[in-house]
Structures are given as structure tokens and as C-alpha cells.
Amino acid sequence: GESVGLHLPTLSVQEGDNSIINCAYSNSASDYFIWYKQESGKGPQFIIDIRSNMDKRQGQRVTVLLNKTVKHLSLQIAATQPGDSAVYFCAEILNTGGFKTIFGAGTRLFVKA
Amino acid sequence: GAGVSQSPSNKVTEKGKDVELRCDPISGHTALYWYRQRLGQGLEFLIYFQGNSAPDKSGLPSDRFSAERTGESVSTLTIQRTQQEDSAVYLCASSPTGTLYNEQFFGPGTRLTVL
């Protein structure tokens, strides 16, 4: 279902460690997925995307994994830095005639120095 | 080029008053979205405009909420007879086309406080 009114889970990691943020998406027909990062007081920003015909995509320090069997998406951040502290949202996009985006509830990442 | 802009950045209003929030999307972007984000929570979809198609209003929480978009430019979100539970950050995003593989570009949001 859609993300409404959920309090954010939190992940706390030590600087330099790897972070893994998980997301369960709702619709098996979703074609495209995006991870967004939202820093305090700002709107979300694109980090990385993946299409439904892929199961892994790598960016700079970030990797997204897609498991369509269990409708699960994860974001891996290597060598986490203090600047990575933010809220991370997954988004699924499905074709409903137009293209509807459904955001996950979000995870707050704290990086301890 | 310029990103998505929203105004005002902050709005404080009294319960029962009407408010209008404005979004200027990135020039040329055909898709425009409004979301609501309550403090410490996720994004709640409100409405989606795509070109000249009828908007997807399925996320509007009540008939006090409405939105308009002029062509492929400015959009306004109107909340009538505001209630305290309307207090939130209202985010606008735009996307280049109506095709599938497009990210959304977000504005900084309007923080609405209803007293």
C-alpha cells in the first residue's frame, strides 16, 4: 500500500562501516525503482535507480539490489560517511495509464563519527 | 538551470483559514506531483499532473484540498478551512516527461503550520 503516517525506522552505523537499508515494495507490477536521499530541511534527491529487468546496479559507493520474488529492494552504502546521514526513501513506479510513484516509509540513517 | 521552486517557504495560518501553496516546476517538465510530509514521517502522495491529461487526485485526503496546474507550468495547492492536522511540509516535484524511467526533482517544500 501507500506510505501514509508511518514513523521512520532508524539505522545507526559507525563511520567507515557499510550500511544496508531495506525496503519492501507493494506492487509486483512495478517497473522501475528509485532510491532518494532527504537531508534535513530539504526535498528528496535522486541517488540511484534500477529497472525491473535487473537485480543489481552499482553507483559510486552505492549499490541497489532488487529481489522481485519477495518484492524487496535494498540500498547498500559503502564506507559510510557523516554526510550520508539523512532519511532514505525507496520509490516504486508503476504504469497505471500514467506513471504512479509510491514512496516507502523511509529509513533514517545516523552515522556516528 | 533552475530547479523546482516553491513559495512560500514557511506559512503560519490560523485554523479555519484558506491557504495557497505555489510550485514552479523545472521548465519543460510535463509531470508534476504534490506530496505531504508530516514531521518525522514519510511522503504521502496527494496529486499528480501529467501534461493535458486529467490529474490523478487519488491521494487528496479530503475535499478541502484541491490543486490546479496551468498547462505545463505553475501549480497551486489550495487547502480550505485549514485544520491543525494539515500542519506538514508540502513538497512539489516535477519530472521531465510522462515516460517511465524518469526521476522526480523535488523543491525545498513549504512548511505549513496551522495554529
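The values are calculated or read from the model by the stated rules, or taken from the named source; none is laboratory data. Because the structure is predicted, anything quoted here is derived from the model rather than measured. Please note: Cβ atoms are built from the backbone with ideal geometry, for glycine as well, and neighbour counts cover all protein chains shown. Protein only, heavy atoms only, side chains kept; ligands, DNA and RNA dropped before computing areas. Shrake-Rupley method; radii C 1.70, N 1.55, O 1.52, S 1.80 Å.
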*Got a sec to turn the phi values of the stretch B:100-108 into Karplus ³J(HN,Hα) couplings, 6.51 cos²θ - 1.76 cosθ + 1.60 with θ = phi - 60°, whole Hz, x for Gly and Pro?*
6, 8, 10, 6, 9, 9, 9, x, x
*Taking chain B as a Gaussian network, Cα atoms linked when under 10 Å apart, which of B:Glu68, B:Glu20, B:Glu103 shows the biggest mean-square fluctuation?*
B:Glu103
*So what's the protein assembly as shown giving for Cα Rg divided by 2.2 N^0.38 Å, two decimals?*
1.01
*Contact order normalised by residue count of chain B, Cα under 8 Å, 6+ apart, percent*: 38
*Leaving ligands, DNA and RNA out of it, report the carbon-plus-sulfur percent of the accessible area of the stretch A:4-113 at a 1.4 Å probe.*
46
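Taking the square root of 5 times each eigenvalue of the Cα gyration tensor, what semi-axes in Å does the equivalent ellipsoid of chain B have, largest first?
On the way: eigenvalues 109, 40, 32 Å².
Over the Cα atoms of chain B, the ellipsoid semi-axes are 23, 14, 13 Å.
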_Histogram of C-alpha separations across the stretch B:31-90, 5 Å bin width, %_ = 4, 18, 29, 24, 16, 7, 2
*Mean separation of Cα contacts under 8 Å (6+ apart) over length of the stretch A:11-113, as relative contact order %*: 37
*asked:* Within chain B, what whole-number % of the accessible surface is contributed by carbon and sulfur, with the 1.4 Å probe and all protein chains included in the calculation?
replied: 47
*Inter-chain shielding of B:45-56 (mean C-beta neighbours from other protein chains, 10 Å cut-off)*: 2
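Let me know the mean shielding of B:81-94 by other chains, meaning the per-residue number of their Cβ atoms within 10 Å of its Cβ. Let's see the in-between values first.
Details: counts 0, 0, 0, 0, 0, 0, 0, 0, 2, 0, 4, 1, 4, 0.
Going residue by residue through B:81-94 and averaging, the value is 1.
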*Cα to Cα, under 13 Å, and not fewer than 8 places away if on the same chain: which aspartates and glutamates meet these conditions relative to A:Lys37?*
A:Asp49, A:Asp84, B:Glu103
*Label point 7 Å out from A:Glu15 along Cα-to-Cβ: which residues of the stretch A:61-93 have amide N under 14 Å?*
A:79-85
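Just to be sure I understand: if you take the accessible area of chain B alone plus chain A alone and subtract the pair, with a 1.4 Å probe, what total do you get in Å², rounded to 100? Let's see the in-between values first.
Working: alone 6260 and 6590 Å², together 10800 Å².
Buried area (both sides, nearest 100 Å²): 2100 Å².
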*Write down the Å³ per residue value for the convex hull defined by the alpha carbon atoms of chain A.*
104
*Could you state the accessible area per residue of the protein assembly as shown in Å², with a 1.4 Å probe and every protein chain left in place?*
47
_Taking the alpha-carbon distance from A:Lys56 and a cut-off under 16 Å, which lysines remain once sequence neighbours fewer than 8 residues away in the same chain are dropped?_
A:Lys68, A:Lys71
